[in-house]
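A.B. asks: This structure is in structure tokens; I'll ask about it shortly.
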Amino acid sequence: MHSTLRGCALVLILVWFAVPSPARADFEAGVAAARAGDYAAALREWRPLAESGDRDAQFNLGLLYENGFGVAVDAAQAARWYRRAAEQDDRMAQAYLGEMYAKGLGVARDDIEALRWYRRAAELGDPAAQYNVGLFYAMGRGVAPNDVQGFAWLTVALENGAKSTGLLDLLTKNMNARSLAQARSLVDEVRQQCRLD
């Protein structure tokens, strides 16, 4: 999932919608540099913006540090920048930070924190994060195992375009009729918790 998100993110960072401003010009200069493969120049443009609180620039610095674009790979720095963007409700940064906690990249492995960040991204409409919330409930990672919650989150994730791994089918086969009915009724509640952009 993370490599797929990273590929999408590298495309998405190249688009930024805002009122024209000097900060936008600096951001766009970083985008142009990244497109040209000059990640060191992108870093020079984005760092001041990130330090002043621009969540898009913060997310982009996370990508640069995670992937070693223009800098040495530094998972701790990547997590730091993702966190700063995630705290400003950047759903991709939240999903990436969740992944870092799930795998112990740049931070101590912590399933509770991973689930917390996945859930925040999921509620902002990120289908991959919704899938991960369902997975964590089904597997009992960071929370007591709960097939009903797992089913509901996986269903919503798949409705929103997440790729299936067959886990929902497996859960369905292992649930009794009462649990399955509870899970199906919970799907609407989970849909309402998640807003799609």
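None of the figures in this text is laboratory data; all of them are computed from the coordinates on show. Please read all numbers here as calculations on a predicted model, not as lab measurements. Here Cβ is always computed from backbone atoms with ideal geometry, including for glycine, and neighbour counts include all displayed protein chains.
A.B. asks: Between the range 49-76 and the range 142-164, how far is it from one alpha carbon centroid to the other, in angstrom?
C.D. replies: Cα centroid of the range 49-76 versus Cα centroid of the range 142-164: 30 Å apart.
A.B. asks: Could you list W153, W81 so that the one with the fewest beta carbons within 10 Å of its beta carbon is first and the one with the most is last?
C.D. replies: Taking fewest neighbouring Cβ atoms as first place, the list is W81, W153.
A.B. asks: Still on this model: Once the convex hull of the C-alpha atoms of the chain is built, how many Å³ does it hold per residue, rounded to a whole number? List each step's numbers first, then the result.
C.D. replies: On the way: hull volume 20.6 nm³, N = 197.
It comes to 104 Å³ per residue, whole-number rounded.
A.B. asks: I've got another one for you. Using the number of other C-beta atoms within 10 angstrom as an exposure proxy, rank E28, E189 with the fewest first.
C.D. replies: Details: E28 15, E189 10.
With the fewest neighbours first, E28, E189 line up as E189, E28.
A.B. asks: Give me the number: length gained by fully extending R24 to N174, i.e. 0.36 nm times residue separation minus the C-alpha to C-alpha distance, one decimal in nm. Write down the numbers at each step before the final one.
C.D. replies: On the way: separation 150, 0.36 × 150 = 54.00 nm, distance 5.19 nm.
The R24-N174 span can extend by a further 48.8 nm.
A.B. asks: When the helices in the chain are scored as -39500 (n - 2.57) per DSSP H run of 4 or longer and the sum is shared across all residues, what 222 nm value do you end up with, to the nearest 500 deg cm²/dmol?
C.D. replies: -22500 deg cm²/dmol
A.B. asks: So, one more: So which residue, out of G37, G70, G125, gets the largest mean-square fluctuation from a GNM of the chain using Cα contacts under 10 Å as springs?
C.D. replies: Its mean-square fluctuation being the largest, the pick is G37.
A.B. asks: A further question on this structure: Would you mind telling me which residue in R47, R24, R178 has the biggest mean-square fluctuation in a Gaussian network model of the chain, where springs connect alpha carbons within a distance under 10 angstrom?
C.D. replies: R178
A.B. asks: I've got another one for you. Can you sort M175, M92 so the residue with the fewest Cβ neighbours within 10 Å comes first?
C.D. replies: M175, M92
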